[in-house]
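One structure is given below, encoded as structure tokens.
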């Protein structure tokens with residue numbers, strides 16, 4: 001269904017269900033009324049589903065469609081251990097409060113329909129009730145098995161699933177106390193009855209090595225093994241480029257070419273080249289692995305890659321989007337081998353403006369596999385041994401630093417926001433236990449690659465936008481006005497201001513703010529609050545620009561080994577280059593791309609959440625080995641139940657109000673805690689000395705005391 005036909009049908013359906021004489025109908029009845037043939041029934045359902053997601057239509061508890069009441073909304077259920085819950089509606093700044101008796105039988109992550117019953121007032125959130133669960137997120141649940149005499153129950157790992165799952169004696173699969181298990185939910189229960197399920201897999205004992213991360217893999221439904229038909233297809237793919245595959249490609253094997261990645265990276269999907277002409281212009285080549293040459297559309301490999309959506313990088317393993325034979329082999333731009341690529345070759349002037357470009361199918365030959373560390377040692381440290389080892393490449397790296405600086409300055413001048421949060425690297429021992437957590441910061445080499453990849457992504461997006469071809473874009477919406485208002489109120493307490501125009505903010509204002517707070521105690525905290533005020537980037541078929549980068553055109557082109565959207569647009573680009581993007585093929589892409597955008601955005605979110613969950617778990621495990629130690633940290637968050645403190649290694653813990661030797665009052669306007677007795681005040685960004693008191697790996701929490709309060713609590 002092309003876009004024009006889809007919009008016409010959407011309009012017809014919306015008018016039909018909005019008619020004053022319309023009564024709610026199920027899909028089959030609606031098809032009869034509208035004269036929709038059986039073969040087109042699924043297309044009508046897609047239109048109705050889209051109308052529901054856009055808030056134009058709703059489904060009642062009997063599965064009948066109707067026009068949406070403005071107080072009836074669709075959102076994601078957010079569970080809570082305290083009984084009450086929230087529902088997040090996409091595009092709305094604040095979540096809806098759901099009282100415990102109004103949750104129906106929804107569990108965390110479910111897609112639900114809610115009915116608003118009370119407006120926001122006096123600082124309280126709008127309140128709603130769950131009307132219907134549209135889509136279950138927890139048909140399988142991971143947790144710890146506890147055995148009773150005639151039955152068992154499972155305590156979910158995800159504490160936002162606040163109800164234990166009852167397991168009948170015949171459905172325990174022989175699990176014993178402390179086993180980590182996967183449960184299939186058979187009955188989601190109700191307000192008076194717990195969910196019921198059966199054990200379908202025993203992962204091992206909760207303390208067995210590797211079971212903790214395996215539990216996250218299962219909880220997020222991350223597929224570990226590739227299906228047999230996928231591996232059969234992979235077995236037929238050659239390990240080297242065949243002679244006939246060079247035909248029809250630009251041969252640039254004689255260009256000085258390098259990859260620059262982390263030391264441990266094995267899936268190298270981007271390589272770079274740079275030359276400088278006599279007129280001062282740079283010729284920058286960004287060469288990306290031609291994965292689609294091996295992952296053909298509709299093949300088992302392609303279907304599985306779309307299902308996975310993205311590679312997932314956990315602390316002790318990578319769950320790849322495509323099998324290792326491809327990701328680390330023929331698709332990886334390994335040094336000393338010929339490889340097929342899709343290249344974006346850009347001409348830059350001295351100010352970082354891209355004045356010309358070429359997109360081409362190429363064959364390349366990488367000269368050296370460089371690490372970020374080695375390039376940093378050349379450019380920043382001027383390490384003589386490293387410079388000697390790569391002496392033939394040093395001039396190109398120095399030119400790369402110049403060109404990247406020009407691109408970065410160009411991006412800065414238009415308002416691109418550059419968040420520089422310290423990342424962390426978690427070191428595990430042979431048993432998989434966390435033994436160290438180190439901050440991992442960007443350097444000149446990582447910034448060079450970032451700048452070059454951003455330039456290629458922007459160039460490709462603009463090229464195909466003006467060609468008016470079906471495409472996938474990476475878009476980032478302007479922040480919600482309510483979020484910006486709350487942020488501006490908060491910033492005033494620190495003496496910072498955001499300039500607004502008609503209630504909206506330009507990304508350059510954020511850039512100016514980040515410049516002002518650089519090096520201040522509150523830098524990390526304000527940076528995080530700015531990030532939270534923004535919308536989440538996603539994949540879309542419509543180009544609406546990227547707010548954070550302050551660009552009108554942006555896509556993801558540079559990582560087809562680990563991201564499906566990149567692989568998808570490579571297919572479109574190559575068909576266009578080969579003159580095969582016919583009207584029929586354009587129609588095909590217009591039909592499939594909306595679903596690809598939605599599915600890959602969801603897969604990205606799932607991967608991000610799983611990665612964060614494992615990192616949090618392993619950081620808590622590391623901190624458990626350092627109980628009783630005193631460290632200095634920075635207050636990273638303040639609430640009415642305590643304050644969070646972040647240590648230099650990026651581990652975070654909480655000092656709870658009940659664990660402080662004074663009665664503190666939380667000032668929500670200034671985000672401060674003020675003591676009643678000694679009048680001491682704690683503010684965001686303030687340095688404090690803490691004592692590591694406890695670490696609960698199951699709850700993912702670390703408890704700190706103020707170092708000065710430890711003696712008082714030990715005596716009491």
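Every number here is computed from the coordinates shown, using simple stated rules; none is lab data. Because the structure is a prediction, the values reported are computed rather than measured. For neighbour counting, all protein chains shown are included, and Cβ atoms are generated from backbone atoms with ideal geometry for every residue, glycine included.
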Modelled label reach - residue 552, point 7 Å along Cα→Cβ, the stretch 461-476 residues with backbone N closer than 12 Å: 462-463, 465-466
Helix-only CD estimate at 222 nm, as mean residue ellipticity for the chain, using -39500 (n - 2.57) per DSSP H run (n ≥ 4): -9500 deg cm²/dmol
Efficiency of FRET between residue 193 and residue 698 - r from beta-carbon atoms, R0 35 angstrom, step 0.05: 0.90
Isotropic mean projected area of the C-alpha convex hull, the stretch 140-208 (nm²): 4.4
Rel. contact order, % - alpha carbon contacts under 8 angstrom, at least six apart, the stretch 140-208: 32
Base-10 log of normalised Debye intensity for the stretch 481-534 (one unit scatterer per alpha-carbon) at q = 0.12, 0.20, 0.24 Å⁻¹: -0.22, -0.65, -0.96
Computed over the chain: relative contact order in percent, which uses C-alpha pairs under 8 Å that are six or more apart: 9
DSSP-defined beta bridges in the chain - what % are antiparallel, rounded to 5: 90
Quotient of Cα Rg and 2.2 N^0.38 Å for the stretch 625-715, N being how many residues it contains: 1.02
At 1.002 mPa s and 20 °C, Stokes diffusion of the stretch 69-223 via Kirkwood alpha-carbon radius, µm² per second: 131
Distance between the stretch 220-290 and the stretch 80-115 - C-alpha centres, whole angstrom: 45
Per-peptide average of other Cβ atoms within 10 Å, ordering 578-588, 450-460 highest first: 450-460, 578-588
Cα gyration tensor category, rounded, prolate or oblate, for the stretch 274-386 with a/c compared to 1.5: oblate
Extension reserve of the residue 388-residue 531 stretch, reckoned as 0.36 nm per residue once the Cα distance is removed: 47.3 nm
Cα-only radius of gyration and Dmax that characterise the stretch 536-667, units Å: 23.4, 74
Cα gyration tensor category, rounded, prolate or oblate, for the stretch 3-67 with a/c compared to 1.5: rounded
Net lengthening on full extension, residue 43/residue 207 (0.36 nm per residue, minus Cα-Cα): 54.1 nm
Relative contact order of the stretch 481-534, defined on C-alpha pairs under 8 angstrom at six or more residues apart (%): 38
192, 38, 605 arranged by Cβ crowding within 10 Å, fewest neighbours leading: 192, 38, 605
Rotationally averaged projected area of the stretch 72-135 (alpha carbon convex hull; nm²): 4.1
Cβ-based exposure ranking for 147, 104, 499, in which fewest neighbours within 10 Å come first: 499, 147, 104
Beta bridges per DSSP with both ends in the stretch 625-715, % antiparallel, nearest 5: 95
Global geometry of the chain, whether rounded, prolate or oblate, following the gyration tensor of its Cα atoms and the 1.5 cut on a/c: rounded
Burial ranking of peptide ranges 553-562, 615-624 (average Cβ count within 10 Å, highest at the top): 553-562, 615-624
Theoretical gain in end-to-end length, residue 587 to residue 34 [0.36 nm per residue, Cα-Cα removed]: 196.6 nm
